[in-house]
1. How big is the dipole moment of the chain about its Cα centre under a simple scheme where the beta carbon of each Lys and Arg is +1, that of each Asp and Glu is -1, and everything else is neutral? Debye, nearest 20, please.
2. Which residues in the range 256-274 place their backbone N less than 18 Å from a point set 7 Å from the Cα of Q40 along the Cα-to-Cβ direction?
3. State the extension gain, in nm to one decimal, for the chain segment bounded by R315 and D108, taking 0.36 nm per residue of separation less the distance between their alpha-carbons.
4. Can you tell me which of V280, V261, V119 moves the most in a GNM of the chain? Springs connect C-alpha atoms under 10 Å apart.
5. Compare the peptides 263-274, 385-396 by average per-residue count of other Cβ atoms within 10 angstrom and give them in order, highest first.
6. Could you tell me which residue out of L205, V234, P293 lies farthest along the dipole of the chain toward its positive end? Charges go on the beta carbon: Lys and Arg +1, Asp and Glu -1, centred on the Cα centre.
7. In debye, nearest 20: dipole of the range 229-351 around its Cα centre with unit charges on the Cβ of K, R (+) and D, E (-)?
8. Rounding to the nearest 20 debye, state how big the charge dipole of the range 331-416 is about its Cα centre with +1 on each Lys and Arg Cβ and -1 on each Asp and Glu Cβ.
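Any read-out appearing in this document is the output of simple, stated calculations on the displayed coordinates, not a laboratory observation. Not measured: the values here are computed from a predicted model. So basically every Cβ, Gly included, is an ideal-geometry build from the backbone, and we count neighbours across all protein chains shown.
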Amino acid sequence: MFYEKLVGWAREVWDKRHPGVEAVTIWASSECSNRVAQKQVKAGRRLRAKARYVGMEHLDCPLIVPISDYGARGRKMVLTASAGAYIFHFTEGDSPFEVVYASAYMSDDAQELSAVAIVPENRLQAWAAFELACARAVRPRIRRRRDVYIIGGTDAFFDPTVEWTDVILPDALKTKILEDIEAFFDEGVDIYRQLKLPPFRKLLLAGVPGTGKTMLCAALARLAIRHGRVVVYVSGSDRDGASFEKIQRALQAVAAARFPVLLIVEEFDAYLRGDDKARVLNVLDGIESPNNPKGALLLATTNYPEAIDERISKRPGRLDRIFVIPTIEDEEQAILMLRHYMREHWQDNHAAVVPDLVNQPGAFVREVALHARMIAAHERQTEVTLDMLERSVQSLLKQLRSERDFLTQRHPISLVGAAVRRPKATSESD
Ligand SMILES: Nc1ncnc2c1ncn2[C@@H]1O[C@H](COP(=O)(O)OP(=O)(O)OP(=O)(O)O)[C@@H](O)[C@H]1O
Ligand SMILES: [Mg+2]
């Protein structure tokens, strides 16, 4: 086994440096060899009580392939998780001590670092404090932009500037969602508190891609900010993916905010797929939920309501409400959407394409309108004619059909499973 060889090597290093001195071998946290942690946890850092981190030396270990992961920190690309061997130096009171540490990819199947360390048994507390400092340094960052905390997402596209009236959905649905949120912050928080429950309400927006869920979240975020609430936005679309770590960071931000919080978690289903599912359920159940006495409202979105299984959707209290965000339901709504995206180019005869827009997501109509306007520009026309609009609808429908055929041919079996993401309705839907 590879780990046996690695431990054997680390033991040899230890015995050479400290002949006859006892120490234990432990599974260590792989974050101590993360380059971000190594930069941030600086020599001289106080760890706990009288323990300090003094510095490190790199060791060449013939067993370890030195390979690094990388990712964005702000606008820069930096090395992150790395395999490697080190001596970490510490002092506790007046006495120095050291730890031999090695992290490597131990399994051929999983791209996951594991680490071992040789630590004097009486120094385990200090070592644990060092591991914690490293782990904290590499957690997904929270960036605050205006009144929005963004967790995850390298080019965080979430911009809470969408006008409520620009979101075109059935009025009754918009009103219901808004009223639910307002009722919670206005009266609900006190009622939860009287019942000695943490004031935490959970709503899910479910719908196929491109129906306006992200847009709705952005519009609700804008309203929340106007009401003096803080918005925490969690995205799983960066390299760190949908990790529970992010939810945890979000909950910390929620608890630390001294204001009511709107917590937005996009593609919520992704957090329910991995090993962290039980922990996500704990959050929904209130066991690990944020403790913010001013109230927190979770607004989660999903394309895959089927991934939110019965354990969640049928058990009262886990998700308080599920709102289905529909595709365009009827011609009346299709006209509203088309006029909205055609703006000053709208002509009454454009209504002829409306039957083709029913049952499509809003993103489809936006694309149709954009494309038609581009056809006009290309043909050096100032007017977008019905013919251009019809060509635009047909070419988009054709594109969607061929995308679908392509994917069905490539994945004849797995398309029915959850493994393949459905194609987005447009290339720009978010
Ligand atoms: N209901 C709508 N009203 C107005 N515009 C819409 C609507 N739905 C979609 N659009 C347009 O389509 C774009 C994509 O929509 P959005 O990103 O909000 O979809 P989504 O439901 O979040 O999709 P996904 O599930 O893929 O994340 C929006 O930026 C907007 O331009
Ligand atoms: Mg979205």
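1. The calculation lands at about 1540 debye.
2. Flagged as within label range: 256.
3. Extending this stretch completely gives an extra 70.5 nm.
4. With Cα springs under 10 Å in the chain, the top fluctuation among V280, V261, V119 is at V119.
5. Descending mean neighbour count gives 263-274, 385-396.
6. Among L205, V234, P293, the one farthest towards the positive end of the dipole of the chain is P293.
7. 740
8. Magnitude of the dipole: close to 380 debye.
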